[in-house]
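What follows is a short report on a single structure.
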Amino acid sequence: MKKYVLTILAIILIAGIAFVGLSNGKTKTIKEGGILSLNDIQADPFAYKGIITITGVLAKRHPSDPKVFAIIETSEAKICKLTGCARFYLPVQHEGKTPVEWDEVNVTGSFAEGGQLLFKATKVEVLRHLNFGGK
């Protein structure tokens, strides 16, 4: 009897470890309609596969490529009231019209292949323009 109890406990323990190990994968999937912030993705942006939507504030445009701009976390922009104080900048490439600095945007798309930190947006939606004393 004691042998059967130990066997059952061992099976339950192994099943529990397998369940936890398989559910903690590196690839993260997002429910449709879920909007991520830059705080959500900055630890491991490449863990997000497929089409996602990220919200942020346009901090700056690329000086030589008008199709590329960088966004920062909305809460950081509001606290700092500057776009140069962010801890994490996400470069975004978009073929359409580029919003202006301080626009809060939702960018929808996916990360570029090849390990390069570049978010290729298929859609950019301007939510509002943040205004801090004429900026």
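Scan region 33-58 residue by residue and report those that are at pLDDT 60 or above, farther than 17 Å from Phe88 by Cα and not in a strand (DSSP E or B).
Of everything in region 33-58, those that are at pLDDT 60 or above, farther than 17 Å from Phe88 by Cα and not in a strand (DSSP E or B) turn out to be Gly34, Lys49, Gly50, Ile51.
Suppose the filter is open to solvent by less than 20 Å² (accessible area, probe 1.4 Å), part of a loop (DSSP other than H, G, I, E, B) and farther than 17 Å from Gln42 by Cβ; does Pro63 pass it?
Spelling it out, it is not the case that Pro63 is open to solvent by less than 20 Å² (accessible area, probe 1.4 Å), part of a loop (DSSP other than H, G, I, E, B) and farther than 17 Å from Gln42 by Cβ.
So for region 1-10 (the condition being modelled with pLDDT of 70 or more, over 20 Å from Leu127 (Cβ atoms), among the β-branched types (Val, Ile, Thr) and open to solvent by 50 Å² or more (accessible area, probe 1.4 Å)), does at least one residue qualify?
yes
Hey, can you tell me all the residues within region 87-103 that are farther than 17 Å from Gln42 by Cβ and either touching a Lys or Arg at 6+ places or on another chain (Cβ under 7 Å) or not charged (D, E, K, R) (or both)?
Gln93, His94, Glu95, Gly96, Thr98, Pro99, Val100, Glu101, Trp102
Among the residues in region 83-96, are any in contact with a Phe, Trp or Tyr (Cβ under 6 Å, 6 or more places away or on another chain), surrounded by 13 or more Cβ atoms within 10 Å (Cβ to Cβ) and in a loop (DSSP other than H, G, I, E, B)?
For region 83-96, residues in contact with a Phe, Trp or Tyr (Cβ under 6 Å, 6 or more places away or on another chain), surrounded by 13 or more Cβ atoms within 10 Å (Cβ to Cβ) and in a loop (DSSP other than H, G, I, E, B): absent.
Which residue pairs have Cβ atoms under 6 Å apart, sit 6 or more places apart or on different chains, and have a first residue in region 44-63 that is in contact (Cβ under 8 Å) with a residue 24 or more places away in the chain and a second that is open to solvent by 80 Å² or more (accessible area, probe 1.4 Å) and of a type in the set (Lys, Arg)?
Qualifying pairs under 6 Å: Tyr48/Lys28.
For the structure I just gave you, tell me whether Ile30 is within 30 Å of Thr98 (Cβ to Cβ), modelled with pLDDT of 90 or more and either hydrophobic (A, V, I, L, M, F, W, C) or open to solvent by 30 Å² or more (accessible area, probe 1.4 Å) (or both).
Spelling it out, it is not the case that Ile30 is within 30 Å of Thr98 (Cβ to Cβ), modelled with pLDDT of 90 or more and either hydrophobic (A, V, I, L, M, F, W, C) or open to solvent by 30 Å² or more (accessible area, probe 1.4 Å) (or both).
Could you list, in sequence order, all residues of region 46-60 that are under 24 Å from Thr83 (Cβ atoms) and surrounded by fewer than 17 Cβ atoms within 10 Å (Cβ to Cβ)?
Answer for region 46-60, where residues must be under 24 Å from Thr83 (Cβ atoms) and surrounded by fewer than 17 Cβ atoms within 10 Å (Cβ to Cβ): just Lys60.
May I ask you to say which residue of Gly25, Gly21, Gly16 is under 20 Å from the mean Cα position of the chain (by Cα), open to solvent by less than 70 Å² (accessible area, probe 1.4 Å), modelled with pLDDT under 85 and farther than 17 Å from Glu125 by Cβ?
Matching residue, one of Gly25, Gly21, Gly16: Gly25.
The values are calculated or read from the model by the stated rules, or taken from the named source; none is laboratory data. All values reported here derive from a predicted model rather than from experimental measurement. Every residue, glycine among them, receives a Cβ derived from its backbone with ideal geometry; neighbour counts consider all protein chains shown. Calculation scope for accessible area: heavy atoms of the full protein, side chains included, ligands and nucleic acids excluded. Shrake-Rupley method; radii C 1.70, N 1.55, O 1.52, S 1.80 Å.
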